[in-house]
Structures are given as C-alpha cells and as structure tokens.
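Heads up: the structure comes next, in structure tokens.
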Amino acid sequence: LTSFILPAGGPPQAVLHHARTVARRLERGIVNLREHEGEQSVRPLVLTYINRMSDWLFVLSRWITAVLGEEEMLWLPLGKRGKEEGIANSILRQAEHDADLDHI
C-alpha cells in the first residue's frame, strides 16, 4: 500500500470496517488491562488473535471491494485533493451503486 485506505464503500464494506474498528478498540482495551492488572491477566495469544482478526476484516473488506468491481477510497493530503475527490462525490458514487446490492 502506498496510501491509507479510507473506510468507505457499500454496506458489506461498511459492516466490515465497523467490525474492524470494534476489534481495534478491544485490542486497545486488552493492552490497557494488561498494563493495569499485569501481564498474566490476559494470555498473549488473545492479543495476537484479536490483532489478526482485525487485519483479516481489513483484507476481507478489500477483497469484497475488488469482487464488486468498486474502487477503494485512498487518503490524499489536503493539498492534493480536487473537487471530484471530496466526500460529496463519494456519496454520489455510492448512491449510484446501491442498486447493485438489490439481488443480495
């Protein structure tokens, strides 16, 4: 990857991005718990598992985006953004593809 991928896309991707956010929050909570309660309070394997799960959710979201033939929204610094790359255009593009999910 050469740029951050913004959490965007249709409903399947949105659910996966949200799940990944929850997994990352859980991961931070586990780290915090281990810092306050000691290393033995949570097995290291649990932290590894949650970290891998959040990575898998990210990869799955990218795969679904590719299968649906959609483009990922890459982060651009403010100085490199044009009008066509703003959030309004993303919302319009998303609305155009809503019908694609009717058959699911």
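Note on region 1-54: Rg/Rh from C-alpha atoms, Kirkwood Rh, equals 1.11.
Each of I64, V42, P12 was scored by the projection of its Cα onto the charge dipole of the chain, and the greatest displacement toward the positive side belongs to V42; charges sit on the C-beta of Lys, Arg, Asp and Glu.
Longest span of the chain, sites excluded, free of chymotrypsin sites (Phe, Trp or Tyr not before Pro) in DSSP loop with at most 11 other C-beta atoms within 10 Å?
5-74
Each eigenvalue of the Cα gyration tensor of the chain, multiplied by 5 and square-rooted, gives one semi-axis; in descending order these are 33, 17, 11 Å.
Values quoted throughout were computed directly from the atomic coordinates according to the rules given, and no laboratory measurement underlies them. Owing to the predicted nature of the structure, the values given are computational and were not obtained by experimental measurement. Please note: Cβ atoms are built from the backbone with ideal geometry, for glycine as well, and neighbour counts cover all protein chains shown.
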